[in-house]
Amino acid sequence: MPAPDPEALLAWYDIHRRRLPWRAEAGRRADPYHVFLSEIMLQQTTVKAVVPYFDAFLRRWPTVAHLADAPLEEVLSAWAGLGYYARARNLHACAKAVVARHGGRFPANEVLLLDLPGIGPYTAAAIAAIAFNLPASPVDGNIERVVTRLHAVEEALPKAKPRIRALAAELVPPRRPGDHAQAMMDLGATICTPKSPACALCPFSAPCRARAEGTMLRYPVKTKKAAKPERAAIAFLAVRADGAVLLRTRPDKGLLAKMTEVPATPWSASEGAIPADPARHAPVKAQWRALPGAVRHVFTHFALELSVWRADLPAGTPAPDGARFVLPRDFDAEALPSLMRKVLAHGGANRPPKRS
DNA sequence: TATACGTGGTC
DNA sequence: TGACCAAGTAT
């Protein structure tokens with residue numbers, strides 16, 4: 001079994017590298033802010049989902065200083081729909097920290113990068129390698145897959161992480177470490193894929209143990225995840241005659257923190273355990289009627305079944321404390337997560353009221 | 001070390 | 001259709 005040749009990977013990369021909005025042309029160094037922004041967005045998120053958000057953020061906040069000066073509410077509304085909202089809060093905090101600690105320039109130093117909010121071991125190494133061409137070794141899901149197959153690592157994730165990191169670091173060449181990191185990720189994303197690896201096209205085919213044994217799909221070995229519990233609740237859609245919908249901001253911590261929501265009963269831990277008197281939780285006293293069907297939304301660690309109750313209120317109805325009426329035309333300025341967009345659509349509140 | 005934390009696409 | 005997956009981090 002020959003040793004994997006990083007030069008063969010770089011040669012493959014020079015031909016097959018993906019063109020992505022945050023990447024520089026071949027041979028150029030990418031803007032650290034672009035790398036930072038894309039790396040945060042790409043955490044547990046597909047390239048396809050990220051591209052429009054990356055473009056929108058860059059248009060709106062062209063530099064890290066612009067982002068640092070933005071109100072958090074605007075950053076959250078621009079992030080709405082991308083998920084994992086702690087990333088948006090940390091992105092903003094990180095921009096402020098880069099301005100305050102480093103004069104608005106990202107440090108070319110993995111340790112200093114790691115000390116910034118929202119930047120963990122992967123992202124610090126990725127920025128160091130990609131933006132500054134430092135010999136850092138970022139290990140993401142792609143690289144875990146490539147490395148575990150290359151070495152037929154039997155140990156299961158996440159316990160195998162230290163071992164995988166060491167094996168990945170061995171591969172980093174002294175020449176073009178930034179391109180090496182991106183090449184490893186491109187290889188994992190386009191050749192060494194989870195379900196149907198294209199081994200015939202892989203520059204690491206010869207040195208790959210899994211390939212030799214025909215056991216590519218076995219790796220990476222992962223420990224089984226626990227089943228998702230179900231939760232249920234009732235969302236209260238109060239719609240004023242002018243079409244405005246009653247919304248409020250969620251608490252500062254926890255799920256969907258600081259995001260906009262449709263008022264609802266507590267999300268009960270067990271199915272069918274909706275409070276006996278749901279109307280007690282309604283944000284205003286009104287004629288509530290249950291809408292047919294429900295909104296189902298699957299989070300990372302539980303699934304939610306939201307029934308929707310709707311009440312139509314007279315024009316001029318004031319919002320109760322802690323809530324506000326928002327016109328559909330202003331929804332884009334709200335930090336509305338996908339779940340809440342679904343609720344609004346289910347209740348027909350995402351479009352102007354019918355003229356009568 | 002285990003758990004919380006979103007969303008949309010795939011097979 | 002219900003898992004599983006996608007450039008992880010914070011606690």
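Quick check, is A:PRO21 closer than 30 Å to A:CYS192 by Cα and of a type outside the set (D, E, K, R)? When the stated conditions are applied, A:PRO21 passes them. Taken over the stretch A:73-106, the criterion of being closer than 29 Å to A:ARG341 by Cα, in a helix (DSSP H, G or I) and in contact with a Pro (Cβ under 8 Å, 6 or more places away or on another chain) is satisfied by A:ASN90, A:ALA93, A:CYS94.
So, A:LEU114, is that one surrounded by fewer than 21 Cβ atoms within 10 Å (Cβ to Cβ) and either within 16 Å of DNA strand B (Cβ to nearest atom) or within 16 Å of the chain's Cα centre (by Cα) (or both) or not? Here the answer is yes, as A:LEU114 does meet what is asked.
With a requirement of 2 or more residues that are in contact with a Gly (Cβ under 8 Å, 6 or more places away or on another chain), the helices (runs of 4 or more DSSP H) lying completely within the stretch A:107-172 that satisfy it span A:121-132, A:141-151. Entry remark, the stretch A:83-99: residues being open to solvent by less than 20 Å² (accessible area, probe 1.4 Å) and either outside the structural domain of A:GLN44 (by TED's automatic domain parsing) or among the hydrophobic types (A, V, I, L, M, F, W, C) (or both) number 6 in total.
Taking first residues from the stretch A:211-228 that are closer than 13 Å to A:PRO158 by Cβ and partners that are near DNA strand C (Cβ under 9 Å from one of its atoms), the Cβ contacts under 6 Å between residues at least 6 apart in sequence or on separate chains come to A:PRO220/A:GLU144; A:PRO220/A:ARG145. Here the stretch A:173-200 is the region considered, the condition is being part of a loop (DSSP other than H, G, I, E, B) and closer than 23 Å to A:LEU217 by Cα, and the residue that is farthest from DNA strand C (Cβ to nearest atom) is A:ALA198. Filter the stretch A:329-340 down to residues that are touching a residue at least 24 places away in the same chain (Cβ under 8 Å) and surrounded by 17 or more Cβ atoms within 10 Å (Cβ to Cβ) and give me whichever is nearest to A:LEU256 (Cα to Cα). So, considering only residues that are touching a residue at least 24 places away in the same chain (Cβ under 8 Å) and surrounded by 17 or more Cβ atoms within 10 Å (Cβ to Cβ), the one nearest to A:LEU256 (Cα to Cα) is A:PRO337.
Condition check ((1) within 16 Å of DNA strand B (Cβ to nearest atom); (2) open to solvent by 10 Å² or more (accessible area, probe 1.4 Å); (3) farther than 15 Å from A:HIS346 by Cα; (4) not β-branched (Val, Ile, Thr)) across all residues:
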| residue | (1), (2), (3), (4) |
| --- | --- |
| A:VAL245 | no, no, no, no |
| A:ARG250 | yes, yes, yes, yes |
| A:LYS253 | yes, yes, yes, yes |
| A:PRO278 | no, yes, yes, yes |
| A:TRP288 | no, yes, yes, yes |
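The helices (runs of 4 or more DSSP H) falling completely within the stretch A:1-72 that include 2 or more residues that are surrounded by 13 or more Cβ atoms within 10 Å (Cβ to Cβ) and within 16 Å of DNA strand C (Cβ to nearest atom) map to A:6-16, A:32-41, A:47-60.
The values are calculated or read from the model by the stated rules, or taken from the named source; none is laboratory data. Only a predicted model underlies this, so the values are computations on that prediction, with no experimental measurement involved. Methodologically, a virtual Cβ is constructed for each residue, glycine included, from the backbone with ideal geometry; neighbour enumeration extends over all protein chains shown. Please note that ligands, DNA and RNA were not included when accessible areas were found on the heavy atoms of the full protein model with its side chains. Shrake-Rupley method; radii C 1.70, N 1.55, O 1.52, S 1.80 Å.
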